[in-house]
Amino acid sequence: MSKRTLFAALVLSSALTSGAALAADPAVYKIGGIFAMTGASPHYGKVMSAGAQLAVDEINAQGGIDGIKLQLVIEDHKSGSAQAAVAGMNRLIDVEGVKAVLPSFSTVTLATMPIGDQKKVMMINGGGVSAQTVGTSPYMFNIRSMASDLAAGIAHRAAEQGAKKLAQIAIKSEFGDATIAATTKAWEGMGLKMVAAEQFQADAANIDTQVAKLRASQPDAIANWPTTPQAGLAVKRMRELGMKQAVYCMEWTAEDTKVAGKHAEGVEVVTDYFAATDENPWSKRFADAYKAKFGEMPDFYAANYYEGVYVIAELIRRAKAKGGDYYSGERLVQALWENPTFDSVYGKTLTFRKNGVAQKPVAVFRLENGEQKFVKFTTGE
Amino acid sequence: MDLLIQLTLNGLFNGAHFALLAMGFALIFGTTGVVHFAYGPVYAVGAYAIWALAALVGLPFWAAVLLGIAFTAALGVGCYLFIYRPFEISGSPPFVVLVASLGLFIVMKNLIGIVFGTGVKTVDSVAYDVHFVGNAFFTTVQLGQVAAALLVGCGIALFLRASRYGKAIRAMADNREMATVIGIDTTRLSILVFALGSAVSAVAGALVLLRDGLNPNMGFGAVFVAFVAVIVGGVGSLRGAVIAAFLLAFVQSLGMWQIPTEWQNTIVFVVLFGFLLARPSGIVRRA
């Protein structure tokens, strides 16, 4: 190699190296999603990933963030496997290089939260409701109401309808435990009596025994905490066993209506509320685009994860505008606290409270002819 | 008292369901020695086939059940001929067959999700009634589970005792090598028990379709309870498997009378451990 060639190579190498140091832009902004793509409850993975992917597609169609595209990288937690979730989280961070992750399910969020905390990766949960995810990591944020908020909403609704004795049924999981504890606290806090709290394993062959014990406790109302499809199965069993009490759920999907059939009539659902309205053009745009792409109207899970991607995109934009090595979990979190308010697909804005939770509107719905009819907003505080 | 009656009834109905599953599994395991974990997804596929024939094709439910049973029997035979039989021919040790069975379990379970989707499947065309015993309730479908367990159980017992093939199956279950020596075609019998056992699982699947609906993961619970029932009942004893199935169901149900229901699945393992320690050969000891 001649001296001239060597010099040229050194100059080129130096230019490339310094260029790389100055340009902190990645080729693509990868956002991780840890969803229930398989296992007992793949419905959630389907709608959450669909919502998130739609947001990514929309942002990319508008040129991405200053020309850099977003990419959603999905890992499957198999409907709540902490082991699968931890492996997925490590892969997202170590292999894919994500700086922000959208976890789902309480168990999964709790299992992956320490990794996000340790590796300084921002996490925005739009599905799990466990209060244990609140205030334990500076990198952990929630954009849905927590179990305590929804439990309080249900307790108030049942009490205002005249119930004095409440019974509960839940899956044996972090989510189930958290919900039972929060409801008991809210209910007994009003001086009312909790008469039963039955739980079953997620893969239980049937729940006849649990329902029989609920019935024997002679409650005025039942708080039905299982998720899809066991929520529908529990209602079906209760009605088949002659239980005519008011039933309140934290969520209810089309799958539950299918399982419960005619027995779904009259069930009330107290949950985060997403509805497309004329007053909120973004919600209409989102709902129309979702229906056009996936053939069904979005539920609040789809809306939460759609919104989660928009929040992350906005944070990247804000961090980038400040310059420097902006693409890191720390900088995204810093950008959030500099201004914790974001446009919301639910209408107006969402604001993260000091505990990292951006509470959503909590509403009461009543199932009539297979449809969830809005009844009223209730307190989730 | 009302609760106790209800829990007893629940135990009876769940016991009938478990017994159907255990009989099918026991026939296959007891005769061939194959720990057929894919029995779970075979049962699930059979139930899905019945759903597809009734809900998609629009056949009357009884016709869908008959065709579904035939399909499930053929699927069971396919599992034997294309998965287990090659290992038998090559003289592979039992643990290799066990691993193959687990692999087949996973493949079939995932295929159910891919082919049928992951949502719950139900049949709306069949209505059923609710009946009362004092303050306790049960449905026509649950009665059907008891009737099916009785009919299938008696049918299999009669077949094993009175027919030439049945006697040959018993001989093979007792001593496969000796059965071969005296001229029994063990391959043909293996095909027969895989067909019979799988067909029995389809009967259970049809009733669960009406009672709870179907999901791709339903096979795990089924093969789990069938396996435990066969071990607790005594490997090779159909009667033992049925007794154990009812025992498990009653323990699961009545055991929850005073214990929190979250322990329901755990208690099955407690029974299993207890039996393995106290009576390793199971409830019914073979001579």
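Numerical summary
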item	result
Matching option when the condition is farther than 22 Å from residue B:260 by Cα and in contact with a His (Cβ under 6 Å, 6 or more places away or on another chain), among A:257, A:228, A:271	A:228
Which numbered condition residue A:146 misses (of (1) open to solvent by 10 Å² or more (accessible area, probe 1.4 Å); (2) touching a residue at least 60 places away in the same chain (Cβ under 8 Å))	(1)
Residue match in the range A:251-265 (condition: at the interface with chain B (Cβ under 9 Å from one of its Cβ atoms) and assigned to a loop (DSSP other than H, G, I, E, B))	no
Selection status of residue A:158, touching a residue at least 40 places away in the same chain (Cβ under 8 Å) and open to solvent by 10 Å² or more (accessible area, probe 1.4 Å)	no
Complete set of residues in the range B:243-263 that are open to solvent by less than 40 Å² (accessible area, probe 1.4 Å) and modelled with pLDDT of 90 or more	B:244, B:245, B:248, B:249
Yes/no for residue A:230 being open to solvent by 40 Å² or more (accessible area, probe 1.4 Å), more than 9 Å from chain B (Cβ to nearest Cβ) and not basic (Lys, Arg)	no
Flag for residue B:265 being touching a residue at least 60 places away in the same chain (Cβ under 8 Å) and either within 14 Å of chain A (Cβ to nearest Cβ) or on the phi < 0 side of the Ramachandran plot (or both)	no
Failed criterion for residue B:277 (all others in (1) touching a residue at least 60 places away in the same chain (Cβ under 8 Å); (2) surrounded by fewer than 21 Cβ atoms within 10 Å (Cβ to Cβ); (3) more than 14 Å from every other protein chain (Cβ to nearest Cβ); (4) in a helix (DSSP H, G or I) hold)	(1)
Residue check, residue A:342 under 25 Å from residue A:29 (Cα atoms), among the aromatic types (Phe, Trp, Tyr) and touching a residue at least 24 places away in the same chain (Cβ under 8 Å)	yes
Residue, nearest to residue B:4 (Cα to Cα), within the range B:236-261, restricted to residues that are within 14 Å of another protein chain (Cβ to nearest Cβ) and assigned to a loop (DSSP other than H, G, I, E, B)	B:257
Filtered residues of the range B:226-240 (kept if open to solvent by less than 10 Å² (accessible area, probe 1.4 Å) and touching a Leu at 6+ places or on another chain (Cβ under 9 Å))	B:226, B:228, B:229, B:232, B:233
Within the range B:1-119, helices (runs of 4 or more DSSP H) holding 3 or more residues that are open to solvent by 30 Å² or more (accessible area, probe 1.4 Å)	B:2-32, B:61-79, B:85-89, B:94-116
Conditions (1) under 21 Å from residue B:133 (Cβ atoms); (2) away from chain B (no Cβ under 11 Å); (3) not in a loop (DSSP other than H, G, I, E, B): number failed by residue A:244	(3)
Leading residue by the ranking (farthest from the other protein chains (Cβ to nearest Cβ)) among those in the range A:30-47 that are of a type outside the set (Val, Ile, Thr), assigned to a strand (DSSP E or B) and under 14 Å from the mean Cα position of the chain (by Cα)	A:32
Residue in the range A:161-173 that is modelled with pLDDT under 90, open to solvent by 30 Å² or more (accessible area, probe 1.4 Å) and either over 30 Å from residue B:13 (Cα atoms) or out of contact with any strand residue (DSSP E or B) (no Cβ under 9 Å at 6 or more places or on another chain) (or both) present	no
Strands (runs of 3 or more DSSP E) lying entirely in the range A:65-149 (those with 1 or more residues that are over 24 Å from residue A:177 (Cα atoms) and out of contact with any Gly (no Cβ under 9 Å at 6 or more places or on another chain))	A:70-76
Strands (runs of 3 or more DSSP E) contained entirely in the range A:271-381, each with at least 1 residues that are over 29 Å from residue A:223 (Cα atoms) and open to solvent by 30 Å² or more (accessible area, probe 1.4 Å)	A:341-343, A:349-351
Single condition residue A:50 does not satisfy, out of (1) within 14 Å of chain B (Cβ to nearest Cβ); (2) modelled with pLDDT under 95	(2)
Test for residue A:280: is it farther than 25 Å from residue A:249 by Cβ and not basic (Lys, Arg)	yes
Hey, residue B:233 under 29 Å from residue B:172 (Cα atoms) and either at pLDDT 90 or above or within 14 Å of another protein chain (Cβ to nearest Cβ) (or both) or not	yes
Residue that is most open to solvent (accessible area, probe 1.4 Å) [pool: residues in the range A:252-270 that are of a type outside the set (A, V, I, L, M) and without any contact (Cβ under 8 Å) to a residue 40 or more places away in the chain]	A:262
Test result for residue A:200, of a type in the set (A, V, I, L, M, F, W, C), within 9 Å of another protein chain (Cβ to nearest Cβ) and open to solvent by less than 40 Å² (accessible area, probe 1.4 Å)	yes
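Okay, residues lined up against (1) at pLDDT 90 or above; (2) under 23 Å from residue A:362 (Cα atoms):
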residue: A:193; (1), (2): yes, no
residue: A:200; (1), (2): no, no
residue: A:249; (1), (2): yes, yes
residue: A:253; (1), (2): no, yes
residue: A:263; (1), (2): yes, no
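The values are calculated or read from the model by the stated rules, or taken from the named source; none is laboratory data. Nothing here was measured: the structure is a model prediction, and the numbers come from that model. Using ideal geometry, Cβ is built from the backbone for each residue, glycine included, and neighbour counts are taken over all protein chains shown. In case anyone asks, the SASA skips ligands and DNA or RNA and just uses the protein heavy atoms, side chains included. Shrake-Rupley method; radii C 1.70, N 1.55, O 1.52, S 1.80 Å.
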